[in-house]
Amino acid sequence: MTWKVIFFDLDGTLYHPEQGLWQAIGQRIERFLEQFLRVSPDQARALRYAYAQRYGTTLRGLQEEHGLDPWEYLTFIGQVPVERYLQPDPQLRALLESLSQPKWVLTNADAPYARRVLQTLGVEDVFQGILDIEALGWIPKPHREAFQRAWQRAGVRCPEKALLVDDLVRNVQGALKAGMGAVLVHPQRPTVPVPWIPRLEDLPLWMAEVRKHSPWKGATA
C-alpha cells in the first residue's frame with residue numbers, strides 16, 4: 001500500500017499526552033460546560049464524556065443540543081497557554097521530514113489554536129496546511145463526512161490513498177470505515193483490532209511493514 005497523503009491528528013498525537021496540554025484543555029472544556037450550562041463539576045465531566053462519545057466532540061454536542069455558537073466555545077478553550085506545556089521538538093521535525101508524502105494536520109480543534117501548537121513545536125512549515133473543525137464544515141472526526149472533506153481538500157480522489165495517524169480509537173475506526181488507511185498511536189495496546197503503534201517514532205517502520213505485506217498485516221492490536 002502506497003499512501004499519497006498523510007493526515008496527522010494534533011492533540012495527543014504530535015505531542016505526548018503526558019506533557020499536560022491535553023489535560024489543561026480538558027479542564028477548560030469542563031469549566032466552559034459548568035459556566036454555559038450552569039452545572040456542577042461532576043456533571044460537566046459526565047457531559048463532556050457523553051457528548052464526545054455521542055457526537056465526536058463536546059463542541060458538536062453543544063451545537064446539536066444547545067445551539068451554541070462554536071466560536072464562543074473555541075475562543076474560551078483556545079486561551080490555554082500552549083507555551084507552558086510544549087517546546088520545539090527537533091526529533092518530531094526530523095521524523096515528519098523523513099516522510100515523503102504531503103502532510104496535513106486534521107483536527108477537531110480550530111486553526112488558530114492548531115497553528116500555535118505547531119509553531120511552538122517548530123513544525124508548522126512541514127505541513128501543507130491545517131484542516132480544522134471549520135474547514136470540515138463543523139462536522140468532527142470520526143464522522144465519514146469529515147474524512148471525505150479532508151481527502152478532497154488534500155486533492156486525493158480515492159480514500160484508500162490517504163492515511164490517518166490519530167491517538168483515538170474511534171477516529172481510527174471511523175477512518176477505516178470511510179475507506180482510508182489509519183493507525184492508532186497510543187502507548188497502550190487497544191482492546192479492539194485496529195492498526196496500532198505505541199509511539200509516533202514507530203510510524204516509518206510500520207509504513208514500511210505495511211508496504212511489504214497486505215494493507216493491515218503488521219503492527220495491529
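Among the residues of the range 112-145, the ones that are over 14 Å from the mean Cα position of the chain (by Cα), basic (K, R) and under 22 Å from T75 (Cβ atoms) come to 1 in all.
In the set (1) assigned to a helix (DSSP H, G or I); (2) surrounded by 13 or more Cβ atoms within 10 Å (Cβ to Cβ); (3) free of Cβ contacts under 8 Å to residues at least 60 places away in the same chain; (4) touching a Phe, Trp or Tyr at 6+ places or on another chain (Cβ under 8 Å), the condition left unmet by Q63 is number (3).
Scan Y113, Y85 and give me the residue that is free of Cβ contacts under 8 Å to residues at least 40 places away in the same chain and more than 19 Å from R38 (Cα to Cα). Give the derivation first.
Numbers: Y85 fails: free of Cβ contacts under 8 Å to residues at least 40 places away in the same chain.
Of the residues listed, the single one that is free of Cβ contacts under 8 Å to residues at least 40 places away in the same chain and more than 19 Å from R38 (Cα to Cα) is Y113.
If only one of L33, L14, L10 is in a loop (DSSP other than H, G, I, E, B) and either aromatic (F, W, Y) or in contact with a Leu (Cβ under 7 Å, 6 or more places away or on another chain) (or both), which one is it?
Values: L33 fails: in a loop (DSSP other than H, G, I, E, B); L10 fails: either aromatic (F, W, Y) or in contact with a Leu (Cβ under 7 Å, 6 or more places away or on another chain) (or both).
Just a single option satisfies the conditions, and that option is L14.
A search for C-beta distances below 6 Å between a residue of the range 166-177 that is under 8 Å from P142 (Cα atoms) and in the same structural domain as W196 (by TED's automatic domain parsing) and any residue that is among the small types (G, A, S) and modelled with pLDDT of 95 or more, counting only pairs 6+ apart in sequence or on different chains, returns V172/A182; A175/A182.
Residues that are closer than 30 Å to W196 by Cα, touching a helix residue (DSSP H, G or I) at 6+ places or on another chain (Cβ under 6 Å) and free of Cβ contacts under 8 Å to residues at least 24 places away in the same chain within the range 1-44 comprise just one, E30. Residue check: A52 meets all listed conditions (1) outside the structural domain of L205 (by TED's automatic domain parsing); (2) touching a residue at least 24 places away in the same chain (Cβ under 8 Å); (3) within 30 Å of W206 (Cα to Cα); (4) in contact with a Gly (Cβ under 8 Å, 6 or more places away or on another chain) but one, namely (2).
The values are calculated or read from the model by the stated rules, or taken from the named source; none is laboratory data. All of these numbers come straight from a predicted model, not from anything done at the bench. Virtual Cβ from ideal backbone geometry, glycine too; neighbours counted across all protein chains shown.
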